[in-house]
Amino acid sequence: RAKNEGRNQIQCYSEELEHQVRYRTRIEQGLRGAIARNELKLFYQGKFEASSGRLVGMEALLRWQHPEDGLLAPDRFMAIAEETGLMEPIGEWVLETACHQAREWLDMVGYRIPHLSVAVNFSASQIAADKLPKVIRDALTRSGLAPENLELEITENALIKRPEQIAAALKVVRAMGVTLALDDFGTGYSSLDHLMHFPIQVIKIDKSLVATVPEDEKGCRLLTALLNFSQGFGMVSVAEGIETEAQAAFCAEHGCDLLQGYLLGRPVDAATFEKDVLLPALGKYLDG
Ligand code: C2E
Ligand code: MG
Ligand code: MG
Ligand code: MG
């Protein structure tokens, strides 16, 4: 009997493996034509000033409108895109699309929302690519977006592979006037060293830490320390993953500059963002 169970387990395991391989192949093949078939979409999520609640920018988040599986979030296909070299063209499409959209929105609100910025996520391979400064310069030129209105979000894991080259490339990008944000801070290989050697202006505190406040005492102390630290370094702090009023209040009270999360607005498609977030925000600016 024990023998049979073992055999069944092995069989289950190999079926699972086969299923995974089939899934990857299907995703990879679909992804190859996704840009051309217009299946990639950018969703936008607002970023708000903690003290006033005003909209200050939006983060572009990638979605894939899969013909059979529906709307897919990045965790369903990004790793496969990275491993198959597809992240490069996809990343360039994201940057290009986000810059054009931001330029269009800035024209629409007549630059009445000062410094409205679009944040674009960059993966490790995109950051390490030699042509990073050129890719960014081209996207800005083609869209007519000012570099001050573009922010790159980079995770710390992306900095550790070729740190010297990456630091040099990021300095070029920073010199253009583009803002650099460290995403998911407080997870992964967090190291204060990164803040010394890379030209970072914004720290985005990871939602896993934000989720612990205000109930968890240690979480509260760690978040407070990170906010003090970021203030001491003269950096802008963003708390991501704000889901409750209590989390928003805690972050605002402890000096967090910007808030982002489902409580303030979920990521939505461009048309919805324009109608439900951007245009109402403009009203708020005009009312003073
Ligand atoms: P991220 O940059 O840290 O983005 C935040 C993630 O948290 C997003 O997930 C967002 O939808 C989600 N989120 C926002 N507010 C809340 C909240 O209040 N509660 C919770 N539980 N989650 C919230 P999403 O869109 O699935 O993206 C996941 C990750 O995929 C991103 O994490 C980013 O690292 C990556 N990513 C997304 N779009 C792109 C892209 O265009 N290029 C690259 N290279 N990476 C991307
Ligand atoms: Mg991000
Ligand atoms: Mg993040
Ligand atoms: Mg994340």
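The values are calculated or read from the model by the stated rules, or taken from the named source; none is laboratory data. As the structure is a computational prediction, the values presented were derived from the model and not from experiment. Neighbour counts are summed over all protein chains in view; Cβ atoms, including those assigned to glycine, are modelled from backbone coordinates with ideal geometry.
What the table shows:
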read-out	value
When residues of segment 196-226 are limited to those that are within 16 Å of ligand 3 (Cβ to nearest atom) and assigned to a helix (DSSP H, G or I), the one nearest to the chain's Cα centre (by Cα)	K207
Per-region count, segment 74-125, residues touching a residue at least 24 places away in the same chain (Cβ under 8 Å), part of a helix (DSSP H, G or I) and closer than 30 Å to Y23 by Cβ	19
Single unsatisfied condition, A98 versus (1) farther than 17 Å from I35 by Cβ; (2) buried (at least 19 other Cβ atoms within 10 Å of the Cβ); (3) touching a strand residue (DSSP E or B) at 6+ places or on another chain (Cβ under 8 Å)	(1)
Residues of segment 160-210 that turn out to be within 16 Å of ligand 4 (Cβ to nearest atom) and modelled with pLDDT of 90 or more, as a count	14
Residue list for segment 233-285, restricted to those being among the charged types (D, E, K, R), within 24 Å of A98 (Cβ to Cβ) and either in a loop (DSSP other than H, G, I, E, B) or within 13 Å of ligand 1 (Cβ to nearest atom) (or both)	E240, D257, R266, D269
L31 vs. criteria in a helix (DSSP H, G or I), out of contact with any Phe, Trp or Tyr (no Cβ under 8 Å at 6 or more places or on another chain) and surrounded by 10 or more Cβ atoms within 10 Å (Cβ to Cβ)	no
Residue that is nearest to ligand 3 (Cβ to nearest atom), among those in segment 133-183 that are of a type in the set (D, E, K, R), touching a strand residue (DSSP E or B) at 6+ places or on another chain (Cβ under 8 Å) and over 18 Å from M58 (Cβ atoms)	E156
Sole residue being hydrophobic (A, V, I, L, M, F, W, C), more than 22 Å from the chain's Cα centre (by Cα) and under 20 Å from L145 (Cα atoms), chosen from V109, V56	V109
Qualifying residue in segment 212-232 (condition: within 16 Å of ligand 1 (Cβ to nearest atom) and β-branched (V, I, T))	yes
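Conditions tested, residue by residue: (1) within 16 Å of T155 (Cα to Cα); (2) surrounded by fewer than 20 Cβ atoms within 10 Å (Cβ to Cβ); (3) away from ligand 2 (no atom under 16 Å from the Cβ).
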| residue | (1), (2), (3) |
| --- | --- |
| K218 | no, yes, yes |
| F229 | no, yes, yes |
| V238 | yes, no, no |
| E243 | no, yes, yes |
| A248 | no, no, yes |
| A270 | no, yes, yes |
| L279 | no, yes, yes |
